Every structure is written in structure tokens, then in C-alpha cells.
Amino acid sequence: MAAPDFHSQLVVRLPGAPAQVARARNAVTTAIGRDHPLHDEAVLLTSELATNAVLHTQSGAGGMFTVSVRATGDLVRVCVEDAGSDAPPCACRAGGLTTSGRGLPLLEALSHRWGFERSNGVNCVWFELLLITVPAGWALQV
């Protein structure tokens, strides 16, 4: 299978502060446009990854994080690279009353595929969204 021909690409490096999560979301909008059919999911999942970078890694202790966005008409790939952490990302299940711990399970539920790469403590967590269309006239018969 040939590699996708990405029509748009954008890389931004941001300070590891909570206010920068909005700039990470804006980077996705800039890269793919609000009219892209995968826009809302891409923005939501980017927000989760950027928040994790700020809250759970050295990015939030005066470091930086990088958001990379690549897209075609039917595929969006986003990677958030942080400044390092003691442990790799964990897609642990959150308890019913906890206020955190739902970001990676949400990523798992909404993305076509996702993963992370870790080198020298630095995490690059990525996801891909794939637009799947149903042929016109297709329906389940009851």
C-alpha cells in the first residue's frame, strides 16, 4: 500500500502551559479547515493529547510540546510530542467519580488507530482518523 499523499501539513511548537491547548486545537483547524468532515474529532483528540502533555510531562514544567498535523481528504494524522515523562502514556480506565483519566480511552474509542513512540523519555502520541463513507442507497433491511 502506498503512503498517503498528504494535502496539508503543519507543525507548531508550543510552551507547555494550559492556555496553549487552545492553540493546539487552532493548529488542527488551520491545517485541515473547519469544513473537513473529521475536524471535530481531530480537534477533540488533539485537545486531549495536548492537555496530557501539559499535565503529565515535563512540557508542563517549563518545557515545550509539538503538534504535527497531516491530512488528506479522508485521513487526518496528529502527533503530539512532549518534553518527557517518567512513565509511558497509560490508557488506564478511569473510575466513575474521577475527573481525569479519560483522554486515552477516548482516543482509543474515536480514532481509526493510535499509538505512541517513546525515546529517551520523550513521548510522541499519535492518532489517525479515517473518513469511512457508506455507499448511497445502502441500508440494513429489517
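Rule-based calculations on the coordinates, nothing more; no lab input. Here the structure is a predicted model, which is why all the values come from computation and not from measurement. A quick note on method: Cβ atoms are made from the backbone with ideal geometry, for glycine too, and the neighbour counts reach across all protein chains shown.
Quick look at the values:
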{"item": "For the stretch 27-79, fraction of C-alpha pairs farther apart than 17 Å, in %", "result": "37 percent"}
{"item": "Highest to lowest packing among 28-34, 111-117, 7-13, scored as the average C-beta count within 10 Å", "result": "28-34, 111-117, 7-13"}
{"item": "HN-Hα J in Hz across the stretch 20-36 - Karplus 6.51, -1.76, 1.60, θ = phi - 60°, x for Gly and Pro", "result": "7, 4, 4, 5, 5, 4, 5, 4, 5, 4, 4, 6, 10, x, 5, 7, 5"}
